[in-house]
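Novice: Let me give you the structure first, and then I'll get to my questions.
The values are calculated or read from the model by the stated rules, or taken from the named source; none is laboratory data. Quantities reported herein were computed from a predicted structural model and do not represent experimental measurements. Glycine gets a Cβ as well: all are built from the backbone with ideal geometry, and neighbour counts include every protein chain shown.
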Amino acid sequence: MVSKDGTQQTALIFNQNKSKVEAFIPGNGSVILKRVGKKGKSWKNDGYTVTKTKKGYSLKKSKEVIFSSK
């Protein structure tokens, strides 16, 4: 995934059943997010949200998209 301005990249690593995802965020280290609902398509923690989209995934902080799949 790339930042809105295209200058930074981030990585998402899911556990086997996709109940958790670790987001590696430049300058902020990493954060582990937990899935919302049993079959939800979003994960949340600490003000961050990862959401499944048509093109892949997006990473938001405080409702603002900071990284997305192209």
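Novice: Could you list, ordered by first residue, the pairs with Cβ atoms under 6 Å in which the first is in the stretch 25-45 and over 16 Å from Ser3 (Cβ atoms) and of a type outside the set (A, V, I, L, M, F, W, C) and the second is modelled with pLDDT under 95 and not in a loop (DSSP other than H, G, I, E, B), at least 6 apart or interchain?
Specialist: These pairs meet every condition: Lys41/Lys52.
Novice: Show me the strands (runs of 3 or more DSSP E) entirely contained within the chain in which 1 or more residues are of a type in the set (Asp, Glu) and surrounded by 13 or more Cβ atoms within 10 Å (Cβ to Cβ).
Specialist: On the way: elements: 11-14, 20-25, 29-35, 42-45, 48-53, 56-61, 64-68.
Per the criteria, 20-25.
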